[in-house]
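Scroll down for the structure; my scribbles are underneath it.
Computed from the coordinates by the stated procedures, all read-outs in this text should not be read as laboratory data. Since the model is a prediction, treat every value here as computed from it, not as a measurement. Cβ coordinates were reconstructed from backbone atoms using ideal geometry, including for glycine residues, and neighbour counts include every protein chain displayed.
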Amino acid sequence: MSRWAPNTVDRLQEAAIDLFEEQGFDRTTVAEIAERAGLTERTFFNHFATKREVLYGPRSLRQQQVVGREIAESPDAPTPLDAVVRALQVAADEVFEGLRTASTRRRRIIAASPELQEREDGKRAALTAVIAEALQGRGLEPDTALLTARVGVLVQQTAEQRWAEPTERRPLRDLLSEALLTLRAITE
């Protein structure tokens, strides 16, 4: 097993997803993930604190960073919600667009595990907090910022659910726009 293997995080995530699909999340061990990836358990723990985190990894943090940055740097957005959706679109382009298949597989694994669903809720809460903080930095009142952030995350969930459908081919950025338009149509 190579100590300095390239694409270590990607290999661990791919191995984990394969094993979670084959034998279930609960029945898969870190040792099996590391072995499937051709790495050691120590290497696994250098990148992930738990097997649960292998499904989230650095992409969740990267999404939060991109979204926070883009909201702060988007003063020309017509509304705060437009700023949020634009930021989510940039994050979709930078972080997720090439990962549709892996994201779809990941969603199925999470849907089968209450523990992972709870972690997914935590991930959404963290993103909501980042968005609300960025919006407050733009001058929004805390309650308005939080409500806008929650709506933005709902728009994202709706778009991601559609994006993960086997027959869907449009980019996530387009589905985010569509979800925002649908929201506007039902609230006006």
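A few notes on this one:
- Highest GNM mean-square fluctuation among 106, 124, 170, for the chain modelled with Cα contacts below 10 Å: 170.
- Selection of trypsin sites (Lys or Arg not before Pro), the range 132-188, meeting DSSP coil and at most 16 other Cβ within 10 Å: 138, 169
- For the range 57-187, the calculated P(r) over all alpha carbon pairs, in 5 Å bins from 0 to the bin holding the longest distance, is 2, 11, 21, 24, 21, 13, 6, 2, 0 percent.
- The relative contact order of the range 57-187, computed from alpha carbon pairs under 8 Å that lie at least 6 residues apart in sequence, is 30 percent.
- Here the Karplus relation 6.51 cos²θ - 1.76 cosθ + 1.60, evaluated at θ = phi - 60°, turns the backbone of the range 180-188 into coupling constants of 5, 4, 5, 4, 5, 5, 8, 9, 9 Hz, with x for every Gly and Pro.
- Distance in nm between pseudo-label sites at residue 18 and residue 157 (7 Å out along the Cβ direction from Cα): 3.3
- Build a GNM of the chain with springs between Cα atoms under 10 Å apart, and of 86, 62, 27 the one that fluctuates most is 27.
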